[in-house]
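First comes the structure, then the notes that go with it.
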Amino acid sequence: MTDEPKDVQGAADERAELGDSEIVEARQLAEEAVEETVLPDESALAGLTGTPGIAKPDPILVADGVSRAFGGLKAVDVGHLEVQRGTITSLIGPNGAGKTTLFNVLTGFDRADSGTWSFDGRPAAGLAAHKMARRGMVRTFQLTKALTRLTVLENMKLAAVGQRGENFFNALVPPLWRPQEGGLEKRALELLDRFKLAHMRDSFAGELSGGQRKLLEMARALMVGPSMVMLDEPMAGVNPALTQSLLGHVRALRDEGMTVLFVEHDMDVVMGISDWVVCMAQGQVIAEGPPEQIRSNRTVIDAYLGTRYDEPGAKE
Amino acid sequence: MDIIDILLSALRGAFAPEAAVYALAAIGLNVHFGYTGLLNFGQVGFMLVGAYGLAISVSTFGWPMWVGVLVGLLCAAVLALLLGLPTLRLRGDYLAIVTIAAAEIMRLVYRAEFANDVTGSVYGLQQFANPFFELNPIPTGSYGVGRFSYSERDLWVMLLGWTLVAVVALMVYLLVHSPWGRVLKGIREDEDAVRALGKNVFGFKIQSLLIGGVIGGLAGVMFAIGFQSVQPDTFNPEITFFLWTVLLMGGAGRVLGPIVGAWMFWFLLVLMDTSLRQALSAGYISDSILSPSDIGPLRFAVVGLLLMLIMIYRPQGVLGSRREMLLRDR
């Protein structure tokens, strides 16, 4: 190192500095975003400290002792978890932490080995996925599931609940269900308009770009009329501009009174938008709290980034 | 070799009672595969229980024919439930394995010696549709032009067959253009997504299997009526694959796909058969290359080749949309 010409060393330092300043800038942006966020339930969550499993004033989802093992691997082992109504709660954690498995279990897409949970005050453990959705907990998927050979409008209309024409015998008599279609179409078009997809209404969903499919999936979930939306990595593989637009939509959901629980990897996104952050590692909830607290939480940093040997206070 | 003659007999084949039976059964398969994405490789099993339901009711138990028709359709419904309830919660391939096995098991059970008193074993049952032919208002004679002509009996069966095809196709049209059909198409694309939207996917898949199976049963009943005779070995597994050929040629997921497919299939089959026979008798093909007994298998080989060409150059079938087809791989 010492043999290197000085200017090269200097340039390297400059690069390092630039990198750091970028990070600082990103942090600032994220912090600004936090400040911008108007919390309807800020008072409800204010003052709560980040103890895993802490009780919330008005939880919409309460899970107890939920576990799921695949062979010898305990993918999920959550002692107690509550999600506050009307907030955006993010679920973070390194790959393999069990976030998606927990999602699958809670939404009825996977069965739990043990544990109970209640949604909106009613026990929901072991409920089939479609029943969970009808109760108001609607999920999206990590890999977007557009119904490719249905048009965008059909994708939307499909999602509406309480359609008379979904009964086999009614289906054979169009006058029984056709009057309902108009209302569905109106609602679908309003949502499509909001998600800037209205011009694509008659295209096949398979003709949409990746980003548009993400928007469609979110809009479609809203057609169900959920009280809680579970988003599994909605920003994965999405360009920064679209990320901002998706974030705006997520905020809008909360502002309309919905509860949002989402899995996300991008820390800037998480810190910027969440009212509450839950961090999982190796199947367990290792920390939860408001974003500012999680950001500086030693356990979270260690679990997420690994411990660096040259950091002060690091374990050798 | 008479080209006109060959074309007329091929045209006759396209509308003959067999074609109506194939069209019906393929419509059932279209509900399964074309609209719901269910892989049913045992449609012939539904035809078998439908045909035998009628035959056994009338010949063995002496019940009226209309009761036999209902029994046939009921048997198909029961078969659909038996196959669907245990498998439709599982991945798609399980239904495929179970249906292909079940259809073969049925055939073997119906032809078994111990079932002789009920099913007539390998000899099958005959003469159970007399009331239907007694109602025939068409005077005795031959109707048509040259080789394109049918007996009064054929016409009567065709009238029933193609009417059933039209009625069932109309029903399928109404179904697939309703919210019910929208859910089925959603399941075809991605059943987890549909489940996440609060639809009881299992329930819809059972309904689809039932409807398509009962339509297959109706095709079997139609077959039994038309030929006044059932034998277990008519219901070979290859029938299922002919039905798939019919469906894919016509265009899966199109209401008229299976009907156009059935016309094409029988037109080509009879065309091959007649032209090979005429070529052979006219000496265009030497006896040393092809004997008359080889024509049967050879025509199927040629139809198979045509199917391959269609799959390569027009994979969406005759009525399918290429735009939709290309989305599948994206």
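The values are calculated or read from the model by the stated rules, or taken from the named source; none is laboratory data. Computed from a predicted structure; not experimentally measured. Counting neighbours? That spans all protein chains shown, and the Cβs are built from the backbone with ideal geometry, glycine included. Side chains included, ligands, DNA and RNA excluded: accessible areas come from the protein's heavy atoms. Shrake-Rupley method; radii C 1.70, N 1.55, O 1.52, S 1.80 Å.
Can you spot a residue in region A:150-168 that is of a type in the set (Lys, Arg), farther than 30 Å from residue B:325 by Cβ and outside the structural domain of residue A:267 (by the TED database)? Talk me through it step by step, then tell me what you get.
We begin by selecting, within region A:150-168, every residue of a type in the set (Lys, Arg); these are A:157, A:164.
Filter again for farther than 30 Å from residue B:325 by Cβ, leaving A:164.
Cutting the leftovers down to outside the structural domain of residue A:267 (by the TED database) gives us A:164.
Yes, there is a match, as at least one residue in region A:150-168 is of a type in the set (Lys, Arg), farther than 30 Å from residue B:325 by Cβ and outside the structural domain of residue A:267 (by the TED database).
Within region B:251-282, track down each residue that is more than 20 Å from residue B:11 (Cβ to Cβ) and not in a loop (DSSP other than H, G, I, E, B).
Matches in region B:251-282: B:257, B:280, B:281.
For region B:305-330, name all the residues that are touching a residue at least 24 places away in the same chain (Cβ under 8 Å) and within 21 Å of residue B:240 (Cβ to Cβ).
Matches in region B:305-330: B:306, B:307, B:310, B:311, B:317, B:318, B:320.
Answer yes if at least one residue in region A:135-142 is more than 9 Å from every other protein chain (Cβ to nearest Cβ), among the basic types (Lys, Arg), part of a helix (DSSP H, G or I) and open to solvent by 30 Å² or more (accessible area, probe 1.4 Å), and no otherwise.
For region A:135-142, residues more than 9 Å from every other protein chain (Cβ to nearest Cβ), among the basic types (Lys, Arg), part of a helix (DSSP H, G or I) and open to solvent by 30 Å² or more (accessible area, probe 1.4 Å): absent.
Please count how many residues of region B:183-198 are within 17 Å of residue A:105 (Cα to Cα) and among the acidic types (Asp, Glu).
Selection size over region B:183-198: 1.
Of the residues A:99, A:131, only one is basic (Lys, Arg) and within 14 Å of chain B (Cβ to nearest Cβ); which? Write out each step before concluding.
Numbers: A:99 fails: within 14 Å of chain B (Cβ to nearest Cβ).
Among A:99, A:131, only A:131 is basic (Lys, Arg) and within 14 Å of chain B (Cβ to nearest Cβ).
Consider region A:143-153. How many of its residues are of a type in the set (Ser, Thr, Tyr) and within 7 Å of chain B (Cβ to nearest Cβ)? Before you say what the answer is, go through the steps one by one.
Taking region A:143-153 as the starting set, the residues that turn out to be of a type in the set (Ser, Thr, Tyr) are A:144, A:148, A:151.
The next check asks that each one be within 7 Å of chain B (Cβ to nearest Cβ); those that pass are A:148.
The number of residues fulfilling the criteria is 1.
Spot the failing condition for residue B:124; the list is (1) open to solvent by 70 Å² or more (accessible area, probe 1.4 Å); (2) touching a strand residue (DSSP E or B) at 6+ places or on another chain (Cβ under 7 Å), and only one is missed.
It is condition (1) that residue B:124 fails.
At least 3 residues that are open to solvent by 40 Å² or more (accessible area, probe 1.4 Å) in each: list the helices (runs of 4 or more DSSP H) lying fully within region B:1-70 that qualify. So that I can check it myself, show each step before the final result.
On the way: elements: B:3-15, B:17-29, B:43-55.
Helices (runs of 4 or more DSSP H) meeting the threshold: B:3-15.
Which condition breaks for residue A:156 when tested against (1) within 7 Å of another protein chain (Cβ to nearest Cβ); (2) open to solvent by less than 50 Å² (accessible area, probe 1.4 Å); (3) touching a residue at least 60 places away in the same chain (Cβ under 8 Å)?
The failed condition is (1).
Tell me which residues, restricted to region A:161-217, are among the hydrophobic types (A, V, I, L, M, F, W, C), touching a residue at least 60 places away in the same chain (Cβ under 8 Å) and open to solvent by less than 50 Å² (accessible area, probe 1.4 Å). Spell out how you get there, then give the answer.
If we filter region A:161-217 for residues that are among the hydrophobic types (A, V, I, L, M, F, W, C), which is where we start, we get A:161, A:168-169, A:171-173, A:176-177, A:184, A:188-189, A:191-192, A:195, A:197-198, A:200, A:204-205, A:208, A:215-216.
The next check asks that each one be touching a residue at least 60 places away in the same chain (Cβ under 8 Å); those that pass are A:161, A:208, A:216.
Selection gives A:208, A:216.
If only one of B:322, B:254 is modelled with pLDDT under 85 and within 14 Å of chain A (Cβ to nearest Cβ), which one is it?
Result: B:322 is the single residue among B:322, B:254 that is modelled with pLDDT under 85 and within 14 Å of chain A (Cβ to nearest Cβ).
I need the helices (runs of 4 or more DSSP H) fully contained in region B:161-247, keeping only those with at least 2 residues that are over 27 Å from residue B:50 (Cα atoms), in contact (Cβ under 8 Å) with a residue 12 or more places away in the chain and among the β-branched types (Val, Ile, Thr). Don't jump to the end; show me each part of the working.
Values: elements: B:179-189, B:191-196, B:201-227.
Of the helices (runs of 4 or more DSSP H) lying wholly inside region B:161-247, those with at least 2 residues that are over 27 Å from residue B:50 (Cα atoms), in contact (Cβ under 8 Å) with a residue 12 or more places away in the chain and among the β-branched types (Val, Ile, Thr) span B:179-189.
Being over 17 Å from residue A:141 (Cβ atoms) and more than 13 Å from chain B (Cβ to nearest Cβ) narrows it down to one residue among A:215, A:191; which is it?
Matching residue, one of A:215, A:191: A:191.
Right, residue A:220: of a type outside the set (A, V, I, L, M) and either farther than 30 Å from residue B:172 by Cα or away from chain B (no Cβ under 14 Å) (or both) or not? Break it down into steps so the answer makes sense when it comes.
Working: of a type outside the set (A, V, I, L, M): yes; either farther than 30 Å from residue B:172 by Cα or away from chain B (no Cβ under 14 Å) (or both): no.
In short, no.
What are the residues in region A:102-128 that are part of a helix (DSSP H, G or I), within 14 Å of chain B (Cβ to nearest Cβ) and either open to solvent by 10 Å² or more (accessible area, probe 1.4 Å) or within 23 Å of residue A:267 (Cα to Cα) (or both), if any?
A:103, A:104
Taking the stated definitions as given, is residue B:217 crowded, with 24+ Cβ neighbours inside 10 Å, within 14 Å of chain A (Cβ to nearest Cβ) and either acidic (Asp, Glu) or closer than 30 Å to residue B:131 by Cβ (or both)? Step through it out loud before you land on a result.
On the way: crowded, with 24+ Cβ neighbours inside 10 Å: yes; within 14 Å of chain A (Cβ to nearest Cβ): no; either acidic (Asp, Glu) or closer than 30 Å to residue B:131 by Cβ (or both): yes.
Against the criterion (crowded, with 24+ Cβ neighbours inside 10 Å, within 14 Å of chain A (Cβ to nearest Cβ) and either acidic (Asp, Glu) or closer than 30 Å to residue B:131 by Cβ (or both)), residue B:217 does not qualify.
Taking into account only those residues within region B:130-182 that are aliphatic (A, V, I, L, M), more than 21 Å from the chain's Cα centre (by Cα) and surrounded by fewer than 13 Cβ atoms within 10 Å (Cβ to Cβ), which is farthest from the other protein chains (Cβ to nearest Cβ)?
Ranking the candidates gives B:145 first.
Can you pull out every residue in region A:151-206 that is hydrophobic (A, V, I, L, M, F, W, C) and more than 25 Å from the chain's Cα centre (by Cα)?
A:168, A:169, A:171, A:172, A:173, A:176, A:177, A:184, A:200, A:204
Can you tell me which residues in region B:99-126 are farther than 22 Å from residue B:82 by Cα, assigned to a helix (DSSP H, G or I) and in contact (Cβ under 8 Å) with a residue 12 or more places away in the chain?
Just the residues of region B:99-126 that are farther than 22 Å from residue B:82 by Cα, to begin with: B:113-114, B:116-117, B:120-126.
Remaining after also requiring assigned to a helix (DSSP H, G or I): B:113-114, B:116-117, B:121-123.
Within region B:99-126, B:117, B:121, B:122, B:123 qualify.
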